[in-house]
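Student: Encoded as structure tokens, here's the structure I'll be asking about.
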Amino acid sequence: MFVLTKQIIIYKLRHMKRLLFIATLLIATISYGQDKKVYMWFDCEANFNRLGTKDSISWYLDKVKSVGVTDVVVDVKSIMGEVLYKSKIAPFMAEWEGWYRDPDFDMMKVFIDEGHKRGLVVHASLNVFAGGHNFFNRGIIYKQHPEWQSLVYHEGKMMKIGDMKWSYNGMLNPANPEVRAYQLSILKEFVSKYKNVDGLILDRMRFDNVTSDFSQASKEQFETYSGIKVENYPEDILYWAEKDGKKVWKEGKHFKKWAEWRAMIIKGFAEDVHKELKKINKKLILGDYTGAWYPTYYQLGVNWASVKYDPSKEFAWATPDYYKSGYADLLDVYMTGLYYSNVTKEDVDNANRSLGYTGEPGMDINNRTYWYSVEGGAELAKRITKGVVPVMGAILVSQYETDSAQFEKAVRQAMKSTDGVTIFDVSHVITKNWWDTLERALKH
């Protein structure tokens, strides 16, 4: 009798294990794409007219919810430094491309109220160190604060960034204490104004590029930070040389320390933001977006890795102290721009597709390493953030032009390789009418 009971028990245990295994597989299959976050970004300028009424906002919230979106990111501070809400600090964005916005229409409040009704998590996005649109000669660097714009060392010449009409980004100088104080005051005002917003995503929390800022004020701050007296400025930091008939920038003898200092400027600002905003709303989800191309992102003065990661063991541009500038540990969510046409590492091996160069700052058009793909870039981001923050793979919809199949493949890969996906942005999904494609990618 004892033997029979023992056999029955063993049989039942094995049967239960088998059922548990099958159930696990079924749950994993059903929940794939549903147990991960899906963010839909609503760009400020691209959707200016589209989001001018409550009915329109409600319609798009219903639409994104129906395809599997869990979170929305509402861009409320443009690259010009203008905002889409009443502010006592920043100028209001009343018009864009002939369309006008009533300052009494509170777009952000509508998004929060209507989004919450639908069970959506609502985040705001604010461009930080951006102050102008050079194609339109518009922004705070053209009106309120021209003295705050970056001074760029371009092809051996010093230029104000507002004079560089081939680049739309009229970026500010993050090393300027007045700029940092001004931007922090805007963020604090916004979080105080919208206490029931779920999260805030920082964008363009960086320098313009490797060629900025080379003002006298930046030189003096660097010398104080490093203890180095720069004799030949800016050539001891960065200089220009001829290569194949073109001018290219080269590292000066103090470049590595300069790169460290710039990254510490951004880290210091991130610390101030974390401290001040959490003081106002301790439940606030604090996030940040950057490009995923970490091996060259040092050119923008940004170290989005964890302080637990030491880049000097992998990259020649990093000093032994560069790791101290990592700020992933300060974030509740991190969005990494997987802006690559190559989706898998196999795509990179085959090299039969466009590399997906989008002209983003710090991108290397000639790179064919694995991280220059959605899969490889996601793996790198996960590795260097060390698990301290959820990583969302951001997909640039416009990059895939008419190739909806490759877009679908990219979304699926981002969902597989990271903790969720960010779709940038809703305007491209609308114009391409890729709603069904997106839904299929998210719920397959």
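Just so you know, all these numbers are worked out from the coordinates, no wet-lab data involved. Predicted model only: the values in this text are computed from it and were never measured. Virtual Cβ from ideal backbone geometry, glycine too; neighbours counted across all protein chains shown.
Student: Any lysines with Cα under 21 Å of the residue 257 Cα? List them, leaving off those in the same chain fewer than 8 positions away.
Tutor: 219, 229, 267, 308, 313, 324
Student: P(r) for the stretch 175-307, please, calculated from all Cα pair distances in 10 Å bins and given in %.
Tutor: 11, 37, 30, 16, 6, 1
Student: Now for a different question. Please tell me which of these pairs span more than 20 angstrom C-alpha to C-alpha: 65/278; 117/432; 193/279; 382/416? Present the calculation step by step, with values, prior to reporting the outcome.
Tutor: On the way: 65/278 28 Å; 117/432 28 Å; 193/279 14 Å; 382/416 12 Å.
Those over the limit are 65/278; 117/432.
Student: Evaluate the relative contact order of the stretch 78-147 (contact order divided by residue number), counting alpha-carbon pairs under 8 angstrom at least 6 apart; express in whole percent. Please list the in-between numbers first.
Tutor: Numbers: 73 pairs, mean separation 24.8, N = 70.
For the stretch 78-147, the relative contact order is 35 percent.
Student: Divide, for the stretch 234-324, the radius of gyration over alpha carbons by 2.2 N^0.38 Å, where N is the residue count.
Tutor: Rounded to two decimals, the normalised Rg is 1.32.
Student: Could you work out the helix-only [θ] at 222 nm for the chain, with each DSSP H run of four or more residues adding -39,500 (n - 2.57) and the total divided by the number of residues, to the nearest 500 deg cm²/dmol? Could you put the intermediate results ahead of the total?
Tutor: Working: 12 runs with 161 residues, N = 444.
The helix contribution divided over the chain gives -11500 deg cm²/dmol.
Student: Right, next: Could you rank the peptides 71-84, 242-255, 35-48, 276-289 by their average count of other C-beta atoms within 10 Å per residue, with the highest value first? All intermediate terms of the calculation are to be shown ahead of the outcome.
Tutor: Values: 71-84: 25.5, 242-255: 12.3, 35-48: 21.2, 276-289: 17.1.
The packing order, highest mean first, is 71-84, 35-48, 276-289, 242-255.
Student: Determine, for each peptide in 169-182, 215-228, the mean count of other beta carbons within 10 angstrom over its residues, then list the peptides with the highest first. Mind dumping the intermediate values first?
Tutor: Working: 169-182: 21.8, 215-228: 15.2.
Ranked from most to least packed, the peptides come out as 169-182, 215-228.
Student: Ignoring solvent entirely, what values of log10 I(q)/I(0) come out of the Debye formula for the chain at 0.10 Å⁻¹ when each Cα is a single scatterer?
Tutor: -0.73
Student: Right, here's the next one. Size of the dipole of the chain about the Cα centre, Lys and Arg at +1 and Asp and Glu at -1 on the beta carbon, nothing else charged, in debye to 20? It would help to have the intermediate numbers written out before the result.
Tutor: Working: 60 positive and 56 negative charges, 360 e Å.
That gives a dipole near 1740 debye.
Student: May I pose another question? Remind me, relative contact order of the chain in percent, using alpha carbon pairs under 8 angstrom and six or more residues apart? Each step should come with its number before you reach the end.
Tutor: Working: 830 pairs, mean separation 63.8, N = 444.
Reported relative contact order: 14 percent.
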